[in-house]
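Step one of this worksheet: look at the structure below.
The values are calculated or read from the model by the stated rules, or taken from the named source; none is laboratory data. Note that the structure is a prediction, hence the values are computed from the model and not measured. Positions of Cβ are backbone-derived with ideal geometry, glycine not excepted, and every protein chain shown enters the neighbour counts.
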Amino acid sequence: MHTYSIEEQERVERIIRQCALCYVGLIDKNRRPYVLPMNFGYKDEIIYLHSGPEGKAAALMAEGPEVCLTFCTDSKLIWQHQEVACSYRMRAESVLVYGHVVPEEDFDEKVKALDIIMQQYSGKTFTYSDPAVKNVKIWKVALEEVSAKEFGVPSRNALKYKDRDRF
Ligand SMILES: Cc1cc2nc3c(=O)[nH]c(=O)nc-3n(C[C@H](O)[C@H](O)[C@H](O)COP(=O)(O)OP(=O)(O)OC[C@H]3O[C@@H](n4cnc5c(N)ncnc54)[C@H](O)[C@@H]3O)c2cc1C
């Protein structure tokens, strides 16, 4: 089974949109890694995150640090030979993004960002109360450096006929 790099921007975007959450990798003040699952929205090569105003993540992101975001589609266990451990793989696609956190303070831009996040999950448009918008923190991360990979791609010639049904 093979791992392939994915170069096409369109495919990278499709993978990101398929994901339910991303993992936000930060470095804290003691140089310790701090990785959190977070919801997100995506539009025009920008990832939108949101959080409350308090807490470790918000304090770190307010500094505008470099972050590493990881997205991974649902994975599926596959194998070429059921009895051979090293023929087992996970089939999935993942995207890794490096960028810098930019806090968004403008009220109308925050509303747009919330719409983009809600679109990712519901496909619907919402209204938000003024205090809710003022209170929420919006963090934007532009896709400065991106890599994407596809894992567990079977070598079809090596598969027995019955195995092919799994893919
Ligand atoms: C599926 C999913 C989606 C989420 N989406 C969002 C989102 O969009 N926005 C958002 O703000 N938060 C989201 N969260 C929660 C997020 O992962 C953090 O828990 C939250 O943001 C608080 O982080 P903090 O740094 O402010 O924590 P603090 O309140 O400062 O946490 C104190 C300590 O708690 C521990 N801790 C914090 N978070 C976690 C965690 N997730 N798991 C285990 N230990 C933890 C750490 O040791 C940390 O030092 C999501 C969580 C899940 C599971």
- Selection count where residues are near the ligand (Cβ under 9 Å from one of its atoms) and either hydrophobic (A, V, I, L, M, F, W, C) or not in a loop (DSSP other than H, G, I, E, B) (or both), scope region 36-60: 12
- Is it the case that Leu26 is surrounded by 17 or more Cβ atoms within 10 Å (Cβ to Cβ), within 18 Å of the chain's Cα centre (by Cα) and within 13 Å of the ligand (Cβ to nearest atom)? yes
- Test: residue in region 70-93 that is surrounded by 12 or more Cβ atoms within 10 Å (Cβ to Cβ), farther than 30 Å from Ser155 by Cβ and at pLDDT 95 or above: no
- Message: Regarding region 150-158, can at least one residue be identified that is modelled with pLDDT of 95 or more, of a type outside the set (Phe, Trp, Tyr) and closer than 27 Å to Gln9 by Cβ?
- Response: yes
- Note on the structure: Conditions (1) within 30 Å of Arg31 (Cα to Cα); (2) surrounded by fewer than 18 Cβ atoms within 10 Å (Cβ to Cβ); (3) away from the ligand (no atom under 14 Å from the Cβ); (4) of a type outside the set (A, V, I, L, M) -> Asp130 fails only (1)
- In region 12-35, residues that are more than 15 Å from Gln120 (Cα to Cα), outside any loop (DSSP other than H, G, I, E, B) and not β-branched (Val, Ile, Thr) total 5
- Item | Flag if Cys68 is out of contact with any helix residue (DSSP H, G or I) (no Cβ under 9 Å at 6 or more places or on another chain) and away from the ligand (no atom under 16 Å from the Cβ) | no
